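Q: Got a structure here, written out as structure tokens. Questions coming.
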Amino acid sequence: MEINKKTKIIATLAVTCFLSGFAANSALAAIFPKPCPNSIMPLFSPGSEGELIALARAAQSEISVEIYQFSYVPLMDALAGAASRGVMVRVILDRTIDKNYGTAKYLSQRGVLVRLAPLRFSRMHSKFALYDRKNLVVGSTNWSFHAMFLNREASVVVDDSGVSRAFSEIFEGDWSESAPYLN
């Protein structure tokens, strides 16, 4: 339970810092302190596809993704490309989403390690990705065509070792409880 409290506190700090970037020259500046510890960049859809692909292409050692719905082929290809370069790529998918099984098959056939979320969650509704345990993308964005081009989605890219470490701990715990996808 302690890790969940810690994660909530750190995530709240990240969102507060994100909002402070918008509040710098407004009445909200008194509510949201500046500066934030490191960088936080907003990422909105439509329009986030390029940044998500660029992060996967830039990863050098590890990519960890925990995502509710993943069906967008260019992002699948970006992860598969990273795996083919020797990057360890791990993905946890929600088991209740039918389209995720096609994604699991596609990715696993291309060297990506795929697991299905723990049964203790009725829904694994997370939407986050860690790149080299340094850059974190977290927000409302699923990795689907609709999320990339039709929905209004909001996420942030966070470059903060403390926040990334908290999400990495959650990912590792969820990974250990998840079932390996078997073709």
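The rows are residues; the columns are (1) crowded, with 16+ Cβ neighbours inside 10 Å; (2) touching an Asp or Glu at 6+ places or on another chain (Cβ under 9 Å).
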| residue | (1), (2) |
| --- | --- |
| GLY102 | no, no |
| LYS134 | yes, yes |
| SER144 | yes, no |
| ALA147 | yes, yes |
| ASN151 | no, no |
| TRP175 | yes, yes |
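Q: Quick check: anything in the stretch 164-172 closer than 19 Å to VAL112 by Cβ, of a type in the set (D, E, K, R) and out of contact with any strand residue (DSSP E or B) (no Cβ under 6 Å at 6 or more places or on another chain)?
A: yes
Q: Exactly one condition in (1) of a type outside the set (Asp, Glu); (2) surrounded by fewer than 19 Cβ atoms within 10 Å (Cβ to Cβ); (3) modelled with pLDDT of 95 or more is not met by PHE32; state its number.
A: Going through the list (1) of a type outside the set (Asp, Glu); (2) surrounded by fewer than 19 Cβ atoms within 10 Å (Cβ to Cβ); (3) modelled with pLDDT of 95 or more, PHE32 breaks only (3).
Q: Right, here's the next one. When you go through (1) modelled with pLDDT of 95 or more; (2) under 18 Å from GLU169 (Cα atoms) one by one for MET124, which number turns out not to apply?
A: In the conditions (1) modelled with pLDDT of 95 or more; (2) under 18 Å from GLU169 (Cα atoms), MET124 misses (1) alone.
Q: Which members of the stretch 55-77 meet the condition of being more than 18 Å from MET41 (Cβ to Cβ), exposed (fewer than 14 other Cβ atoms within 10 Å of the Cβ) and small (Gly, Ala, Ser)?
A: Scanning the stretch 55-77 gives a single hit, SER61.
Q: Do we have LEU116 as touching a residue at least 24 places away in the same chain (Cβ under 8 Å), touching a Gly at 6+ places or on another chain (Cβ under 8 Å) and either under 25 Å from ALA179 (Cβ atoms) or surrounded by 15 or more Cβ atoms within 10 Å (Cβ to Cβ) (or both) here? It would help to see each step written out before you state the result.
A: Details: touching a residue at least 24 places away in the same chain (Cβ under 8 Å): yes; touching a Gly at 6+ places or on another chain (Cβ under 8 Å): no; either under 25 Å from ALA179 (Cβ atoms) or surrounded by 15 or more Cβ atoms within 10 Å (Cβ to Cβ) (or both): yes.
Taking the combined requirement at face value, the residue does not satisfy it.
Q: I would also like to ask the following. Only one of these is out of contact with any strand residue (DSSP E or B) (no Cβ under 9 Å at 6 or more places or on another chain) and on the phi > 0 side of the Ramachandran plot: GLY81, GLY86, GLY102, GLY111. Name it. Give the steps one after another, and end with the answer.
A: Working: GLY81 fails: on the phi > 0 side of the Ramachandran plot; GLY102 fails: on the phi > 0 side of the Ramachandran plot; GLY111 fails: out of contact with any strand residue (DSSP E or B) (no Cβ under 9 Å at 6 or more places or on another chain).
So the residue among GLY81, GLY86, GLY102, GLY111 that is out of contact with any strand residue (DSSP E or B) (no Cβ under 9 Å at 6 or more places or on another chain) and on the phi > 0 side of the Ramachandran plot is GLY86.
Q: Shifting gears a bit: Of the residues that sit in the stretch 119-131 and are of a type in the set (D, E, K, R) and over 17 Å from LEU75 (Cα atoms), which one is surrounded by the most Cβ atoms within 10 Å (Cβ to Cβ)? Full working, then the answer.
A: Residues of the stretch 119-131 that are of a type in the set (D, E, K, R), as a first pass: 120, 123, 127.
Adding the requirement that they be over 17 Å from LEU75 (Cα atoms) leaves 120, 123.
On the way: ARG120: 8, ARG123: 11.
Only one residue tops the list, namely ARG123.
Q: Which members of the stretch 51-94 meet the condition of being in a helix (DSSP H, G or I) and charged (D, E, K, R)? Please lay out each step first, then the result.
A: Narrowing the stretch 51-94 to residues in a helix (DSSP H, G or I): 51-58, 73-84.
GLU51, ARG57, ASP77 - these are the residues of the stretch 51-94 that are in a helix (DSSP H, G or I) and charged (D, E, K, R).
Q: Please go through the stretch 55-77 and give me each residue that is of a type outside the set (Val, Ile, Thr) and within 14 Å of the chain's Cα centre (by Cα), ordered by number. Break it down into steps so the answer makes sense when it comes.
A: Residues of the stretch 55-77 of a type outside the set (Val, Ile, Thr): 55-62, 64, 66, 68-72, 74-77.
Scanning the stretch 55-77 gives LEU55, ALA56, ALA59, GLU62, SER64, GLU66, TYR68, GLN69, PHE70, LEU75, MET76.
Q: State all residues of the stretch 84-111 that are in contact with a Lys or Arg (Cβ under 8 Å, 6 or more places away or on another chain) and either touching a residue at least 60 places away in the same chain (Cβ under 8 Å) or over 20 Å from SER176 (Cα atoms) (or both); if no residue qualifies, say none. Break it down stepwise before answering.
A: Restricting attention to the stretch 84-111, the residues satisfying the condition of being in contact with a Lys or Arg (Cβ under 8 Å, 6 or more places away or on another chain) are 84, 90-94, 96.
Answer for the stretch 84-111, where residues must be in contact with a Lys or Arg (Cβ under 8 Å, 6 or more places away or on another chain) and either touching a residue at least 60 places away in the same chain (Cβ under 8 Å) or over 20 Å from SER176 (Cα atoms) (or both): SER84, ARG90, ILE92, LEU93.
The values are calculated or read from the model by the stated rules, or taken from the named source; none is laboratory data. Source: prediction; values computed, not measured. Reconstructed Cβ throughout: ideal geometry from the backbone, glycine too, with neighbour counts over all protein chains shown.
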